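Have a look at the structure below, then the notes.
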Amino acid sequence: MSSRKVMRDVVLREVFYDRDTVLVARELLGKMIVAERNGRRAARIVETEAYVKGDPANHAFKGETKRNRSMFKGPGALYVYSVHGQNCMNAVSGPGEAVLLRAAEPVENVKDRTSGPGLLCKAMGITLLDDGKSLISSEIYVSDDGYRPENVAASPRIGVSAWKDRLLRFYIEDNPFVSKPKK
């Protein structure tokens, strides 16, 4: 767990999310995901993946559906879906585009594992009931405490066969909370 004192939160506004999805994915690294319900939980985002227009792995590839409706709510919406019995959370950047939060470093009142999108949601208490909430004006938000990662790396996404040659996964190098690709 990080011993760094957390400054008061500066919640990211819509203008942060309303940009190129790949840039948003990179710049979410080092920011804090915070859930304020039944106490406060905070973790530093250390790994993300971008899902953009034209991407066959993007849930919005074929347009809006009941399942992905939150991806069309606007920049800063939270898109939560379930896969293999685990929830995954995404920050929407634009219509049909989002950034998957893959892993985070526990900072405040997070005791469970956070290396992987399902584990991160579980540790932060994020459920399907949170789908569609605003990351700007709800009890779940992303904030900036001034931390800037020194070494950011890019690689192909984990567990995604589409666009294998694209570097759409971003992570803080040498951070022990980054998830490990299956061999």
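The values are calculated or read from the model by the stated rules, or taken from the named source; none is laboratory data. Everything quoted here is computed from the prediction, not taken from an experiment. Please note: Cβ atoms are built from the backbone with ideal geometry, for glycine as well, and neighbour counts cover all protein chains shown. For accessibility, only protein heavy atoms count, side chains too; no ligands or nucleic acids. Shrake-Rupley method; radii C 1.70, N 1.55, O 1.52, S 1.80 Å.
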> How much of Glu64 can a 1.4 Å solvent probe reach, expressed as accessible area in Å² and rounded to 10?
Replying inline: 110
> Tell me, what is the 1.4 Å probe accessible area of Lys133, in Å² to the nearest 10?
Replying inline: 60
>> Considering only C-alpha atoms, what is the centroid distance from the range 136-183 to the range 44-95, in Å?
In response: 15
> Using alpha carbon coordinates only, what is the Rg to Rh ratio of the chain, with Rh defined as the Kirkwood radius?
Replying inline: 0.93
> At q = 0.15 Å⁻¹, what is the log10 ratio I(q)/I(0) for the range 86-183, with the Debye formula run over Cα points and no solvent?
Replying inline: -0.69
> Rounded to a whole number, what % of the accessible area of the chain do carbon and sulfur atoms account for, probe 1.4 Å?
Replying inline: 51
> Taking only protein heavy atoms and a 1.4 Å probe, what accessible area per residue, in Å², does the range 1-119 have with all protein chains in place?
Replying inline: 46
> Between Ala154 and Lys53, how many nm apart are label points set 7 Å from Cα along the C-beta direction?
Replying inline: 1.9
>> Just the number: Rg to Rh for the range 16-93, Cα atoms, Kirkwood Rh, two decimals.
In response: 0.97
>> Restricting to Cα pairs below 8 Å that are 6+ residues apart, what does the relative contact order work out to for the range 1-122? Please round to a whole percent.
In response: 27
> Taking a probe of 1.4 angstrom, what is the accessible area of Leu129 in Å², to the nearest 10?
Replying inline: 150
> Taking one equal scatterer on every alpha-carbon of the range 51-141, how large is log10 of I(q)/I(0) by Debye at q = 0.24 1/Å?
Replying inline: -1.24
> How much mean residue ellipticity at 222 nm does the chain get from its helices, if each DSSP H run of length 4 or more adds -39500 (n - 2.57) and you divide by all residues, to the nearest 500 deg cm²/dmol?
Replying inline: -2500 deg cm²/dmol
